[in-house]
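Asker: Below is the structure I would like to discuss, written out as structure tokens.
The values are calculated or read from the model by the stated rules, or taken from the named source; none is laboratory data. Every value quoted in this text rests on a predicted model; they were computed, and no experiment measured them. Every residue, glycine among them, receives a Cβ derived from its backbone with ideal geometry; neighbour counts consider all protein chains shown. For the accessible areas, the whole protein counts, side chains as well, though only heavy atoms, and no ligand, DNA or RNA atoms are used. Shrake-Rupley method; radii C 1.70, N 1.55, O 1.52, S 1.80 Å.
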Amino acid sequence: MIDVYDVAIIGMGAVGTATGFLLAEFTNVQSLLFLEKENSVGRIASDRRTNSQTRHPFGGELNYTPEVMKAIKRYSDMIPSYTNSEYGRGYDILRRTRSGMVLAVGNNEKDYLRKKFHDTVKPVFPDAELMENREGIAKLEPYIVRGRKKDEDIGIIKLQADMVDFGELAKSFQDNASKHQDKKINVKFNTKVEQIEDVPDGYDLRTKNGEGFSARYVVVSAGSYTLSLAKQLGLGGDYVAFPVAGKFFTSEPVINGKVYTFQEEGVPFAATHADREWDGAVTRYGPTATPTLMFEKDNPDIKEFIDNLDPVLLDTIISKKTIRNIMLKNIAYSLPVVGRRLFWKYEARKIVPSIPYADLKPAPEFGGVRTVGINKRTRELKLGEFTLPEVPQDGVNICANMAPSPGASGSLGIAYKNVLKITRALGLDFDDEKFTKVFGTLPAV
């Protein structure tokens with residue numbers, strides 16, 4: 001007999017577990033199923049070794065428009081509200097850094113920095129400061145100035161930056177959801193969903209190990225595999241997945257917080273930044289952004305790759321000059337021997353001019369794969385998260401979350417949007433008063 005639930009959630013990263021937490025804590029849902037192919041929660045994109053541990057936006061992402069920056073900030077501000085509440089006690093989720101900044105080098109970048117500061121950053125972050133004197137910058141981050149040529153102009157936007165262990169955040173979401181013993185809440189690890197079938201009154205889920213489940217509503221937050229699962233139900237046909245591998249280098253600990261570099265607006269890949277590692281043991285530089293055949297780090301999936309093949313992928317990389325140049329540059333950084341030297345010369349030394357080549361080490365223990373959605377009709381790359389179906393459809397009780405960076409930062413906001421759809425579809429109640437006591441206001445959707 002198939003086990004039946006009100007809601008099944010596929011994928012236990014930050015977004016999936018946040019959705020489960022909000023359902024269990026703030027609605028009258030009676031049964032909830034978590035399904036995760038790994039052996040514990042937050043092991044893939046939410047693991048702090050696979051991302052930069054940054055609560056976005058902190059104002060350093062100059063590729064964002066003001067509208068996108070405001071939306072992400074609104075959602076990411078829910079994380080400190082959560083960690084400071086009873087739900088976050090006992091978990092090491094969020095830490096404040098000693099400094100946060102975006103760095104411009106040279107007159108062209110400084111001109112761009114000034115414009116973005118006034119047009120984009122300051123309206124969203126009123127405490128942000130534009131600084132162009134070396135002495136002030138050196139007090140925040142000495143190694144940004146040390147060893148730099150006297151005639152090389154620099155400027156920064158000074159900001160407050162937070163570090164987040166998104167894996168720990170996901171664990172806390174799942175723990176808090178599972179405390180509800182008055183509800184049927186089941187967590188299944190080592191359980192990979194391979195097939196979703198639309199049936200009367202819901203969906204049947206088939207797993208790799210032969211188990212079957214049924215749910216009235218299904219949330220898919222399976223990282224790079226979300227799109228392929230959504231397509232089984234006729235969703236996302238206009239999109240193709242573009243998997244991009246992010247790799248890092250490390251050095252001795254020379255950065256106090258987070259130093260982002262110049263980034264072009266509209267580009268969905270992070271420019272190189274330097275970050276203090278969670279434990280302070282090293283400074284991490286990256287990520288690179290390289291096209292990959294894998295949908296998950298160190299886990300090639302030939303079937304997934306073949307199923308995703310589409311001429312749009314190659315056409316997008318070749319035809320869009322900015323994307324093409326970024327890809328070629330980062331492919332060069334991945335080359336054996338010479339790649340490390342190129343990254344040291346053009347990326348690491350831009351941030352820390354005095355870093356010796358011998359001190360910059362490849363860091364295969366860090367980094368992961370993020371999947372960007374490409375609209376096959378418009379050839380546009382989606383910047384940040386989106387959910388399928390993009391327009392709600394009667395009788396389609398599915399939320400399929402595509403949430404590459406900065407998806408984890410907005411996990412609670414994305415989850416809130418999911419839960420609104422679920423409560424409407426299943427006729428559930430949402431406790432607005434209880435929610436606002438924790439998070440202050442209801443997020444805009």
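Asker: Please indicate, with yes or no, whether at least one residue in region 353-369 is assigned to a strand (DSSP E or B), within 30 Å of Pro80 (Cα to Cα) and touching a residue at least 24 places away in the same chain (Cβ under 8 Å).
Answerer: Within region 353-369, one or more residues are assigned to a strand (DSSP E or B), within 30 Å of Pro80 (Cα to Cα) and touching a residue at least 24 places away in the same chain (Cβ under 8 Å).
Asker: Does region 244-265 include one or more residues that are buried (at least 23 other Cβ atoms within 10 Å of the Cβ) and farther than 29 Å from Thr288 by Cβ?
Answerer: So far as region 244-265 goes, no, none of its residues is buried (at least 23 other Cβ atoms within 10 Å of the Cβ) and farther than 29 Å from Thr288 by Cβ.
Asker: For the condition open to solvent by 80 Å² or more (accessible area, probe 1.4 Å), of a type in the set (A, V, I, L, M, F, W, C), more than 30 Å from Val220 (Cβ to Cβ) and over 23 Å from the mean Cα position of the chain (by Cα), what is the one hit in Leu335, Leu360, Leu342?
Answerer: Just a single option satisfies the conditions, and that option is Leu335.
Asker: Every residue in region 252-311 that is out of contact with any strand residue (DSSP E or B) (no Cβ under 9 Å at 6 or more places or on another chain) and of a type in the set (Lys, Arg), please.
Answerer: Answer for region 252-311, where residues must be out of contact with any strand residue (DSSP E or B) (no Cβ under 9 Å at 6 or more places or on another chain) and of a type in the set (Lys, Arg): just Lys303.
Asker: Right, here's the next one. Where residues in region 208-241 are over 16 Å from Gly373 (Cβ atoms) and of a type in the set (S, T, N, Q), which of them is least open to solvent (accessible area, probe 1.4 Å)?
Answerer: Ser214
Asker: So Thr290 passes all but one of these: (1) modelled with pLDDT of 90 or more; (2) among the β-branched types (Val, Ile, Thr); (3) under 17 Å from Leu342 (Cβ atoms); (4) surrounded by fewer than 24 Cβ atoms within 10 Å (Cβ to Cβ). Which condition number does it fail?
Answerer: So the condition that Thr290 fails would be (1).
Asker: Taking Thr290 as the residue in question, decide whether it is touching a helix residue (DSSP H, G or I) at 6+ places or on another chain (Cβ under 9 Å), under 30 Å from Pro142 (Cβ atoms) and in contact (Cβ under 8 Å) with a residue 40 or more places away in the chain.
Answerer: no
Asker: Sticking with this structure for a sec: Here are the criteria: (1) open to solvent by less than 20 Å² (accessible area, probe 1.4 Å); (2) part of a helix (DSSP H, G or I); (3) farther than 22 Å from Asn209 by Cα. Tell me which single one Ser52 does not satisfy.
Answerer: Condition (2) is where Ser52 drops out.
Asker: Another question, if that's okay. Residue by residue through region 298-324, note down the ones that are in contact (Cβ under 8 Å) with a residue 60 or more places away in the chain, part of a helix (DSSP H, G or I) and open to solvent by less than 50 Å² (accessible area, probe 1.4 Å).
Answerer: Residues satisfying the conditions are Glu304, Asn308, Val312, Leu313, Thr316.
Asker: Now for a separate question. Please find, within region 165-195, the residue that is least open to solvent (accessible area, probe 1.4 Å) out of those that are in a loop (DSSP other than H, G, I, E, B) and closer than 25 Å to Ser228 by Cα.
Answerer: Here the residue is Thr191.
Asker: Does Phe26 meet the test of being surrounded by fewer than 24 Cβ atoms within 10 Å (Cβ to Cβ), more than 19 Å from the chain's Cα centre (by Cα) and aromatic (Phe, Trp, Tyr)?
Answerer: Spelling it out, Phe26 is indeed surrounded by fewer than 24 Cβ atoms within 10 Å (Cβ to Cβ), more than 19 Å from the chain's Cα centre (by Cα) and aromatic (Phe, Trp, Tyr).
Asker: I need every pair where a residue in region 219-245 that is at pLDDT below 95 has its Cβ under 9 Å from the Cβ of a residue that is basic (Lys, Arg) and in a strand (DSSP E or B), sequence separation at least 6 or different chains.
Answerer: The qualifying pairs are Gly223/Arg370; Ser224/Arg370; Pro243/Arg370; Val244/Arg370; Ala245/Arg370.
Asker: If the Cβ limit is 8 Å and pairs must be 6+ apart or interchain, which residue in region 429-445 that is open to solvent by 70 Å² or more (accessible area, probe 1.4 Å) pairs with which residue that is hydroxyl-bearing (Ser, Thr, Tyr) and not in a helix (DSSP H, G or I)?
Answerer: Asp429/Thr27
Asker: Taking the condition of being crowded, with 16+ Cβ neighbours inside 10 Å and either modelled with pLDDT of 95 or more or of a type in the set (A, V, I, L, M) (or both), how many residues in region 367-395 meet it?
Answerer: Total satisfying the criteria: 6.
Asker: Look through Asp111, Asp127 and report the one residue that is touching a strand residue (DSSP E or B) at 6+ places or on another chain (Cβ under 9 Å), more than 23 Å from Tyr285 (Cα to Cα) and in a loop (DSSP other than H, G, I, E, B).
Answerer: Asp127
Asker: Another question, then. Quick one: what pairs do we get from region 370-396, first residue more than 22 Å from Tyr416 (Cα to Cα) and without any contact (Cβ under 8 Å) to a residue 24 or more places away in the chain, second open to solvent by 20 Å² or more (accessible area, probe 1.4 Å) and in a strand (DSSP E or B), C-beta under 9 Å, 6+ apart or different chains?
Answerer: none
Asker: Which of the numbered conditions does Asp198 fail, given that it passes all the others? Conditions: (1) open to solvent by less than 50 Å² (accessible area, probe 1.4 Å); (2) more than 19 Å from Lys303 (Cβ to Cβ); (3) in a strand (DSSP E or B).
Answerer: (1)
Asker: While we're here: Which of the numbered conditions does Arg148 fail, given that it passes all the others? Conditions: (1) in a loop (DSSP other than H, G, I, E, B); (2) farther than 27 Å from Tyr64 by Cα; (3) open to solvent by 40 Å² or more (accessible area, probe 1.4 Å); (4) in contact (Cβ under 8 Å) with a residue 40 or more places away in the chain.
Answerer: Every listed condition holds for Arg148 apart from (3).
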